[in-house]
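Read through the structure below, which is laid out as structure tokens, and then see the notes.
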Amino acid sequence: MAETSIHRKSSGDRPNRTDKTNPPLPPPLSPRDLISALPDAVIHRIFSFLPLQDVVKTSVLSKRWRPTWTTATDLVFDEEIVARRGSTLDFSSLVDSVLIQCISPTVKRFHVIRFKYEKAHRPKFDLWLRFAEGRRVEDLSLLLVPTTEPPTLYILPRFLYCWSWLVRLKVWTCCFSLGRTIRWPCLKILVIAISRLSDDILEGIFRGCPVLESLKLWGCWGVKNIMIDSTCVKELVLFGLRDSNIQTIWAPHLLSLRISGDWQPHAMLRLGDVSSLVEAKLDFSIRVLTDLPCDEMMCSHMLKETFQKLCGVTTITIGAWCFQKLSLLEMEGVPAPLSICQSLTLHVDIIQWDLLGIAYMLRISQCLEKLVICLTGLPLSMYSLDEESKESFNYDEEDFLCSRKGNFQCLAKHLKRVEITIDNFGLERLLALIKFLLGDALALEKMIIKANLNMGHGQEHVRATILSKLLVVSQNMLSYRRASRNAEVIFSHSFK
Amino acid sequence: MATSRKVTLLSSDGESFEVEQSVAVESITIKDSIEEGSAGNPIPVPKVNSKILAKVIEYCKKHVESAKAEDRVDDEDLVAWDADFVKVDQATLFDLIRAANFLNIKSLLDLTCQTVADMIKGKTPEEKRKTFTIRNDFTPEEEEEVRRENQWAFE
């Protein structure tokens, strides 16, 4: 022992660049040991990419490494650390023991992930948040998993509402208290899931977060109207679950809107002023519980109105359920205002009448430059038509498309890029469409077809069959007449 | 702002590299010194030798070019390019980390740190020591004590 300390003293005379927070590093013990020579700040950055147990394990590498993890700036506690071990160590004790040893003055990231929350945990969480407050945490995530039905929510402590350095906040299964003033002057990203909110609380959030840029609400209930006055908020994502019941969205400065998940039919989501919207993603569905035609009509009506509001949006993505409803509108001959959409992504199923929907979109998107079609490959059995409608959908795709030749202005002037993503068997269904697009799109530069082939276990022998089939089909495709001389057709496939 | 303006960077061993300003300002350190007007011409880059500086410039060039391209297909290509870029020996990798840290190039720092993290992840302490040539200077008793402190991590 004595020898090593003498050894250190003499080499301590070596000029060492030191910064105020780190004591001078002892010389690395091996000349090829480059990692130990890195400054602590860089090592902490490396740590931020590692799961917690790997970070803690570095303490045993050598004496230089023993204290390094205790000044780490990222603390991510994921319940699976405990789940994977058969040990009896429980998650709370683990967090406690790590927090006691953590001596860094600032912790940038503090995440507790997948913690099964029960009411008895409340004092523990309050204590942990006190710790986080003392270390000026900028990025806080409390991703708690409900254990009861209805879920017991963690009531956020009062001192959390005035963390002036908070930049990112994600809370699941938590509860905001009414009557508390929220002051998060640096908060940019806010995600709230499985929580109870109200219009007042939301208003308080917008008032107290002057630089908020992105808000995501997943499966929250209690909010009826979202009114966003602020010019900073650029992105809003709403994911419906259970009793999500939002009625109106008013956000004249919002740039990006996404509505997904499952909504109640009586939600009647209505878009108010969203005139600055540049990007919209509609991949939600409405679960119609009754067979009543008025419910169906309400859905169509709501969708039609929503879609009309989005006519000024340049990038639109439409999910499978919404797309099917729009296809219905085309069939009914509902006139639609023209859209200035430039980039359109559609998720479709391999059902026949999706071609109608695609035709509808091509017709109204006169400036379309980029079209992306993703075949979901799963027949949406939720959607059923009566016999009469089914009849009218019995048409020949080629005929249908031929009759539309020259009808679509976007094809004549604007469409430059088409991307089609399919799974194992979708290519044949789209051949007619591909042929049509190649033959009609005068400005086309690239058509990319990506096949993501799903192989189940033990199905390798099927691989060869599918591949050879694809090759035949793709060769046919490459021989189709192209209206645009510069059009490049790229075909790629990958196995999962 | 003339984007085709060029600046000259001088490595620690005296070699100069002429690059577009748009590429050079991927480094926040260089960007700041240009904006403050305190950068000479050529801009000296101490601590970074010519071999590493060349690689850093190659990285910045590639990323600036891809940001301009509209093709989304190139995203996957860029990831593959990055993966190839960091297939270097340890000494070069750590030099790149230091350079990215000094020059404050966040994406390069993240890329290289992620690479090192991948080399650490899931390994036992013995394996880690071997990979990085770390000499274990604990006595067996000390090592046992350290393991006991956070037993859960070593299970």
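The values are calculated or read from the model by the stated rules, or taken from the named source; none is laboratory data. Values in this document were obtained by computation on a predicted structure and should not be read as measured data. Don't worry about glycine lacking a Cβ; one is built from the backbone with ideal geometry, like all the others, and counts go over all protein chains shown.
Applying the condition of being assigned to a helix (DSSP H, G or I), within 9 Å of chain B (Cβ to nearest Cβ) and hydroxyl-bearing (Ser, Thr, Tyr) to the stretch A:41-86 and asking which residue is farthest from A:Ile103 (Cα to Cα) yields A:Thr58. Among the residues of the stretch A:237-254, those that are crowded, with 17+ Cβ neighbours inside 10 Å and under 17 Å from A:Ser276 (Cβ atoms) comprise A:Val237, A:Ile249, A:Ala251, A:Leu254.
No other residue among A:Ala451, A:Ala464 is modelled with pLDDT of 70 or more and loosely packed, with under 15 Cβ neighbours inside 10 Å apart from A:Ala464. For the stretch B:16-46, residues that are surrounded by fewer than 14 Cβ atoms within 10 Å (Cβ to Cβ) and charged (D, E, K, R) total 4.
Among the residues of the stretch B:132-150, is there at least one that is in a helix (DSSP H, G or I), within 7 Å of another protein chain (Cβ to nearest Cβ) and within 12 Å of the chain's Cα centre (by Cα)? For the stretch B:132-150, residues in a helix (DSSP H, G or I), within 7 Å of another protein chain (Cβ to nearest Cβ) and within 12 Å of the chain's Cα centre (by Cα): absent. Restricting A:Ile194, A:Ile201 to those that are more than 22 Å from the chain's Cα centre (by Cα), buried (at least 18 other Cβ atoms within 10 Å of the Cβ) and within 28 Å of A:Glu149 (Cα to Cα) reduces the list to A:Ile201. Looking at (1) part of a loop (DSSP other than H, G, I, E, B); (2) of a type outside the set (A, V, I, L, M); (3) within 13 Å of chain B (Cβ to nearest Cβ), which is the only condition A:Ser104 fails? Every listed condition holds for A:Ser104 apart from (3).
Checked against (1) free of Cβ contacts under 8 Å to residues at least 12 places away in the same chain; (2) assigned to a helix (DSSP H, G or I), A:Leu89 passes all but a single condition, namely (2).
Determine whether B:Leu93 is more than 10 Å from chain A (Cβ to nearest Cβ), crowded, with 17+ Cβ neighbours inside 10 Å and part of a helix (DSSP H, G or I). Considered against the rule, which asks whether it is more than 10 Å from chain A (Cβ to nearest Cβ), crowded, with 17+ Cβ neighbours inside 10 Å and part of a helix (DSSP H, G or I), B:Leu93 comes out as no. Looking only at the stretch B:106-122, decide whether some residue is within 30 Å of A:Lys57 (Cβ to Cβ), within 14 Å of chain A (Cβ to nearest Cβ) and not in a helix (DSSP H, G or I). Yes; the residues of the stretch B:106-122 include at least one that is within 30 Å of A:Lys57 (Cβ to Cβ), within 14 Å of chain A (Cβ to nearest Cβ) and not in a helix (DSSP H, G or I).
Looking only at the stretch A:209-264, residues that are under 23 Å from A:Ile182 (Cα atoms) and assigned to a strand (DSSP E or B) come to 15 in all. Note on the stretch A:38-56: residues that are touching a residue at least 12 places away in the same chain (Cβ under 8 Å), more than 25 Å from the chain's Cα centre (by Cα) and under 17 Å from A:Glu79 (Cβ atoms) total 3. Total residues in the stretch B:24-56 satisfying the condition of being farther than 15 Å from B:Asp13 by Cβ, of a type in the set (A, V, I, L, M, F, W, C), free of Cβ contacts under 8 Å to residues at least 60 places away in the same chain and in a helix (DSSP H, G or I): the figure is 2. Screening the stretch A:474-496 for residues that are assigned to a loop (DSSP other than H, G, I, E, B) and in contact with a helix residue (DSSP H, G or I) (Cβ under 7 Å, 6 or more places away or on another chain) and picking the one that is surrounded by the fewest Cβ atoms within 10 Å (Cβ to Cβ) gives A:Arg481. Pick from the stretch B:100-155 the residues that are buried (at least 19 other Cβ atoms within 10 Å of the Cβ) and of a type in the set (Ser, Thr, Tyr): which of them is farthest from A:Val82 (Cα to Cα)? Filtering first and then ranking leaves B:Thr112. Selection of the stretch A:124-172 for residues being closer than 18 Å to A:Arg114 by Cα, among the β-branched types (Val, Ile, Thr) and surrounded by fewer than 21 Cβ atoms within 10 Å (Cβ to Cβ) yields A:Val145, A:Thr147, A:Thr148, A:Thr152, A:Ile155. Within the stretch A:334-341, is even one residue surrounded by 17 or more Cβ atoms within 10 Å (Cβ to Cβ) and at pLDDT 80 or above? The answer is yes, given that some residue of the stretch A:334-341 is surrounded by 17 or more Cβ atoms within 10 Å (Cβ to Cβ) and at pLDDT 80 or above.
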